[in-house]
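**Student:** After the structure tokens below, expect a handful of questions from me.
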Amino acid sequence: MDEKWQRPRGTQDILPADAARVERLRRLVSSVAALYGYGAIETPVFEQTAVFVDGVGDGTDIVQHERYSFVDSGGVALTLRPEGTAAVARAYVEHGLSAWPKPVRLYYWAPMFRRERPQKGRYRQHQQYGFELYGSPEPSADAEVLLVARRLLERVGLTPQVLVNSIGCDVCRPGYRAALVSYFQERWADLCEDCRRRATENPLRVLDCKQDRDVARGAPDIADFWCAACRAHQDAVMALVADQGLAVVREPSLVRGLDYYYRTVFEVHDPSLGAQSTVLGGGRYDGLTARVGGAPVPAVGFAGGVERLLMAAGSAVAEDPVPRAYVAQVGPGRAAWRVGEMLRDAGIPTEVDLMARSLKAQMKEAGRRAVVVVLAGGQEWEAGRVGLKRLTDGREAEAPLVDLTETVRAWLDEHER
RNA sequence: GUGGAUGUAGCUCAGUUGGUUAGAGCGCCAGGUUGUGGCCCUGGAGGCCGGGGGUUCAAGUCCCCUCAUUCACCCCA
């Protein structure tokens, strides 16, 4: 195949069978959203570059190395959306949603773009769903969002292992950061190359290094540095979810890579996904609206990868089987053509031959994609009757045309059970 | 961006130490008496062996480059 015509690296074509699973998951997400009162929001696929650079943080990998950015013919700097939260925050500010009765609950489902090296569960274009809860600084807001995540995962058949941490606030994080830096300076010789870089750029991230486990384990725990307010917040969130039977585990090394997080952060992993095991991740981001031109508004939320969730879900999110009817033309004429539209008038998914096939070939085709075959044409047709056959059990009958839709529906219903 | 593995039919894969017209299974199409699928039988279509260059009398097989896929690092959904 000429590589000129291959899809771009890290993108995917989703064929009908998989598209049906995606569609099914999408309905599931919106049903959970409805259950908790989250309204859908859609934002553009691209934004002015500053929305992500300032919103997500210009030190983060997704804005530093992974941006799909371009300047349009009018000279405007634009970027394909790499994540949803900053874009929603921009829309929240732009449309004055801070004037809406609080809290404001929003969810989205949208394609995201990051120029990374593709691997299992990681694509340059992928889809994310996300939930955003604006307006409440209370621990109950963090807890609700965690409960939404749990319900969603349970609906797709997973039992989530939720990892939680608090990365503190402006009061306590600087102290922790300083303690970490001096700890790493003492062990500089034990750090891997990547960690030395990280130790200066973003010391918190050395914690989840995969090589220097020992160094990370011996590092000071942020829990010992939390201010009273952060500690109380974290304790309350943990208590609230535990109250609802959601077991969460505090993971001291959990830090997340986006700059807007504040206090609560959490992730859900699934080991079946390999190295890219994060099914969903999120946290609190009270300062984000201020980064995109608004007043600060407290907010919490999370986002999850559609492809990863589908991989982890396996057959739990299966394609909906659609029981179909197939109308075969017997002999010459257009009987099948007419019966087809008749069945569709009644809302029954129906196919009719378009290949000028023999009856045998039509039957074969029906066997592949239908449950009930209607045989239209010939002498019965002249007498106002058609033949019926159910492929699943071989049942056959003849019916007057006037009763046809009723009979087909009954046969399909019986098959369903 | 770094490292490893892999690219042969629509799909899953054989293809010997380089040696004639590159194979199988599944799938697809047609037929096995005029109007009844699945099973079975017969036949058929479908491959610049990812692309380019090189070594050789000879390359799907060996070498180099490139593209893609994949796994891991990095990072994250």
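**Student:** Given the options A:Ser98, A:Ser136, A:Ser140, name the one that is assigned to a loop (DSSP other than H, G, I, E, B) and more than 19 Å from A:Ala313 (Cα to Cα).
**Tutor:** Numbers: A:Ser98 fails: assigned to a loop (DSSP other than H, G, I, E, B); A:Ser140 fails: assigned to a loop (DSSP other than H, G, I, E, B).
Of A:Ser98, A:Ser136, A:Ser140, the one residue that is assigned to a loop (DSSP other than H, G, I, E, B) and more than 19 Å from A:Ala313 (Cα to Cα) is A:Ser136.
**Student:** Please specify each residue of the stretch A:376-400 satisfying the condition of being under 44 Å from the mean Cα position of the chain (by Cα) and either surrounded by fewer than 18 Cβ atoms within 10 Å (Cβ to Cβ) or over 17 Å from A:Pro323 (Cα atoms) (or both).
**Tutor:** First, pick out the residues of the stretch A:376-400 that are under 44 Å from the mean Cα position of the chain (by Cα): A:388-395.
Matches in the stretch A:376-400: A:Leu391, A:Thr392, A:Asp393, A:Gly394, A:Arg395.
**Student:** Is at least one residue of the stretch A:103-118 open to solvent by 70 Å² or more (accessible area, probe 1.4 Å), within 19 Å of A:Phe302 (Cα to Cα) and more than 20 Å from the chain's Cα centre (by Cα)?
**Tutor:** No, the conditions are met nowhere in the stretch A:103-118.
**Student:** Considering only residues of the stretch A:16-28 that are modelled with pLDDT of 90 or more and open to solvent by 100 Å² or more (accessible area, probe 1.4 Å), which is farthest from RNA strand B (Cβ to nearest atom)?
**Tutor:** For the stretch A:16-28, the residue satisfying everything is A:Arg27.
**Student:** Return yes or no: is A:Val300 outside any helix (DSSP H, G or I), open to solvent by less than 30 Å² (accessible area, probe 1.4 Å), within 16 Å of RNA strand B (Cβ to nearest atom) and on the phi < 0 side of the Ramachandran plot? Please lay out each step first, then the result.
**Tutor:** Values: outside any helix (DSSP H, G or I): yes; open to solvent by less than 30 Å² (accessible area, probe 1.4 Å): yes; within 16 Å of RNA strand B (Cβ to nearest atom): yes; on the phi < 0 side of the Ramachandran plot: yes.
Answer is yes for this residue.
**Student:** For the stretch A:32-49, give me the residue count where each residue is assigned to a helix (DSSP H, G or I) and touching a residue at least 40 places away in the same chain (Cβ under 8 Å). Break it down stepwise before answering.
**Tutor:** Narrowing the stretch A:32-49 to residues assigned to a helix (DSSP H, G or I): A:32-36, A:49.
Narrowing further to those that are touching a residue at least 40 places away in the same chain (Cβ under 8 Å): A:32-33, A:35-36.
The total comes to 4.
**Student:** Shifting gears a bit: Is it true that some residue in the stretch A:255-278 is within 16 Å of RNA strand B (Cβ to nearest atom), within 15 Å of the chain's Cα centre (by Cα), among the small types (Gly, Ala, Ser) and at negative phi?
**Tutor:** For the stretch A:255-278, residues within 16 Å of RNA strand B (Cβ to nearest atom), within 15 Å of the chain's Cα centre (by Cα), among the small types (Gly, Ala, Ser) and at negative phi: present.
**Student:** Okay, next question. Considering each residue of the stretch A:359-375, count those that are open to solvent by 10 Å² or more (accessible area, probe 1.4 Å) and either in contact with a His (Cβ under 6 Å, 6 or more places away or on another chain) or polar (S, T, N, Q) (or both), and give that number. Break it down stepwise before answering.
**Tutor:** As a first pass, look at the stretch A:359-375 and keep what is open to solvent by 10 Å² or more (accessible area, probe 1.4 Å): A:359-361, A:363-365, A:367-371, A:375.
If we keep only those that are either in contact with a His (Cβ under 6 Å, 6 or more places away or on another chain) or polar (S, T, N, Q) (or both) too, we end up with A:371.
Counting residues in the stretch A:359-375 that are open to solvent by 10 Å² or more (accessible area, probe 1.4 Å) and either in contact with a His (Cβ under 6 Å, 6 or more places away or on another chain) or polar (S, T, N, Q) (or both) gives 1.
**Student:** Something else now. Could you list, in sequence order, the residues of the stretch A:2-15 that are within 9 Å of RNA strand B (Cβ to nearest atom), loosely packed, with under 10 Cβ neighbours inside 10 Å and closer than 19 Å to A:Met112 by Cα?
**Tutor:** A:Arg7, A:Pro8
**Student:** Among the polar types (S, T, N, Q), more than 15 Å from RNA strand B (Cβ to nearest atom) and over 24 Å from A:Gly121 (Cα atoms), is that true of A:Thr49? Working first, answer last.
**Tutor:** On the way: among the polar types (S, T, N, Q): yes; more than 15 Å from RNA strand B (Cβ to nearest atom): yes; over 24 Å from A:Gly121 (Cα atoms): yes.
Against the criterion (among the polar types (S, T, N, Q), more than 15 Å from RNA strand B (Cβ to nearest atom) and over 24 Å from A:Gly121 (Cα atoms)), A:Thr49 qualifies.
Conditions tested, residue by residue: (1) within 13 Å of RNA strand B (Cβ to nearest atom); (2) of a type in the set (Asp, Glu); (3) over 26 Å from A:Pro16 (Cβ atoms).
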{"position": "A:Gln329", "(1), (2), (3)": "yes, no, no"}
{"position": "A:Arg338", "(1), (2), (3)": "no, no, yes"}
{"position": "A:Met363", "(1), (2), (3)": "yes, no, no"}
{"position": "A:Ala370", "(1), (2), (3)": "yes, no, no"}
{"position": "A:Trp381", "(1), (2), (3)": "yes, no, yes"}
{"position": "A:Thr392", "(1), (2), (3)": "yes, no, no"}
{"position": "A:Asp403", "(1), (2), (3)": "no, yes, yes"}
{"position": "A:Ala410", "(1), (2), (3)": "no, no, yes"}
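**Student:** Another question, if that's okay. Check the stretch A:74-97 and report whether any residue there is in the same structural domain as A:Ala303 (by TED's automatic domain parsing) and in contact with a Pro (Cβ under 7 Å, 6 or more places away or on another chain).
**Tutor:** There is no residue in the stretch A:74-97 that is in the same structural domain as A:Ala303 (by TED's automatic domain parsing) and in contact with a Pro (Cβ under 7 Å, 6 or more places away or on another chain).
**Student:** When only residues in the stretch A:63-90 that are assigned to a helix (DSSP H, G or I) and crowded, with 19+ Cβ neighbours inside 10 Å count, which is modelled with the lowest pLDDT?
**Tutor:** Keep residues of the stretch A:63-90 that are assigned to a helix (DSSP H, G or I), which gives A:63-64, A:85-90.
Of the ones still in play, those that are also crowded, with 19+ Cβ neighbours inside 10 Å are A:63, A:85-90.
Working: A:Val63: 91, A:Thr85: 97, A:Ala86: 97, A:Ala87: 97, A:Val88: 98, A:Ala89: 98, A:Arg90: 98.
Result: A:Val63.
**Student:** Name the single residue that is modelled with the highest pLDDT among those in the stretch A:323-342 being farther than 21 Å from A:Asp413 by Cα and of a type in the set (D, E, K, R). It would help to see each step written out before you state the result.
**Tutor:** Looking only at the stretch A:323-342, we keep the residues that are farther than 21 Å from A:Asp413 by Cα, and these are A:329-338.
Within this subset, residues satisfying the condition of being of a type in the set (D, E, K, R) are A:334, A:338.
Values: A:Arg334: 92, A:Arg338: 95.
This residue is A:Arg338.
**Student:** Give A:Val339, A:Val306, A:Val327 a once-over and let me know the one that is hydrophobic (A, V, I, L, M, F, W, C), closer than 27 Å to A:Leu25 by Cα and open to solvent by less than 20 Å² (accessible area, probe 1.4 Å).
**Tutor:** Working: A:Val339 fails: closer than 27 Å to A:Leu25 by Cα; A:Val327 fails: closer than 27 Å to A:Leu25 by Cα.
From the options A:Val339, A:Val306, A:Val327, the qualifying one is A:Val306.
The values are calculated or read from the model by the stated rules, or taken from the named source; none is laboratory data. The structure displayed is predicted, hence computed values, not measured ones. Here the Cβ is made from the backbone with ideal geometry for all residues, glycine too, and neighbour counts use every protein chain on show. Please note that ligands, DNA and RNA were not included when accessible areas were found on the heavy atoms of the full protein model with its side chains. Shrake-Rupley method; radii C 1.70, N 1.55, O 1.52, S 1.80 Å.
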